[in-house]
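> One structure follows; several queries about it will come next.
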Amino acid sequence: MSQPKEMPTRNKILQMMKTTGPMSTREITAELGITEMAVRRHLGVMERDGLIESKMIRQTLGRPTAVFGLTEHGESLFPKNYHSLTLDLLGELEQELGEDTVKHLFDRRKVKLNHQYEPEMQGKDFHEKVLRLAEIQNENGYMTECVKKDDDQYVLMEYNCPISQIANRYNHACDCELKLFESLLDADVERTECLAQEGRKCVYIIKSK
């Protein structure tokens, strides 16, 4: 009978910080039973990767001590079930008030995002707007790639969709994204492939007017 694999040291440290909060190097060393040098090496790599961050805390006696805790990126490694809650709430809303109410919520979200990003498009030409949109989507976790076909046309590809579970149920979310792109870019936008409709990626053909 095979034995279960031991959890990697880095994962152990992350789990310890998740369950107990920020910890000092000494506390981590005592918990893991390895050398302090090894712990510092792991902490250095994890801090470099943006998984943890250090801060100084004051002691009753002696010098302040450095403790390490999870960053937002580190927290994101632990399972979250937000989409299930969101789908449940949207389902209840749809049952109580109808599908049009849910669509209205997505429309409101589009308007909000348009107000948020429109100032970043001011003063930019078509080329600059498309590249900035690709950056915005990448920053929001869409794993974008932008390819220039000619002076008047780009292909924007998104290999990840942070709201895919919601978009799979409510395709209006995808329609709102397309309209948002059209508004921000003042361009003609056509979606030729969609992750929410069994595509391998979302593909947008963007043409200047």
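Nothing in this text is a laboratory measurement; each read-out follows from the coordinates by a stated rule. These numbers were taken from a predicted model, which means no experiment stands behind them. Using ideal geometry, Cβ is built from the backbone for each residue, glycine included, and neighbour counts are taken over all protein chains shown.
> Calculate the tail of P(r) for the stretch 9-75: the fraction of all Cα-Cα distances greater than 13 Å, expressed in %.
Summing the P(r) of the stretch 9-75 above 13 Å gives 62 percent of all pairs.
> Also, quick follow-up: Using 7 Å Cα-to-Cβ label points, what is the residue 63/residue 152 separation (nm, one decimal)?
Going from the residue 63 label point to the residue 152 one covers 6.7 nm.
> Largest first and in whole Å, give the semi-axes of the chain's equivalent ellipsoid, each being the square root of 5 times a Cα gyration tensor eigenvalue.
Working from the Cα gyration tensor, I get semi-axes of 43, 23, 18 Å.
> Any idea how far apart residue 84 and residue 48 come out in nm if each label point goes 7 Å out from Cα toward Cβ?
Rounded to a tenth, the inter-label distance reads 3.7 nm.
> Under a GNM of the chain (C-alpha, springs under 10 Å), which listed residue has the highest mean-square fluctuation: 181, 68, 126?
68
> For 60, 19, 65, what ranking results if the residue with the fewest other Cβ atoms within 10 Å of its Cβ goes first?
60, 19, 65
> Please compute the contact order of the chain in relative form: average sequence separation of alpha-carbon pairs under 8 Å and at least six residues apart, divided by the residue count, as a percent.
After rounding, I find 14 percent.
> Suppose the chain between residue 38 and residue 77 were pulled fully straight at 0.36 nm per residue; how much longer would it get relative to their current alpha carbon spacing?
That pair, residue 38 and residue 77, stretches by 11.8 nm at full extension.
> Between Rg and the Kirkwood Rh of the stretch 72-129, both from Cα atoms, what is the Rg to Rh ratio?
Computed over Cα atoms, the ratio is 1.17.
> Which semi-axes, in whole Å and largest first, does the equivalent ellipsoid of the stretch 98-208 have when worked out from the alpha carbon gyration tensor as the square roots of 5 times its eigenvalues?
Computed over the stretch 98-208, the values are 22, 17, 12 Å.
> Still on this structure, please answer the following. Taking the chain as the reference, fit the longest principal axis to its C-alpha atoms, fit the long axis of helix 172-185 to the helix C-alpha atoms, and give the angle between the two in degrees, 0 to 90, nearest 10.
80
> Positive end of the charge dipole of the chain (Lys, Arg +1 and Asp, Glu -1 on Cβ, about the Cα centre): tell me which of 32, 181, 87 has its Cα farthest that way.
In the chain, that residue is 32.
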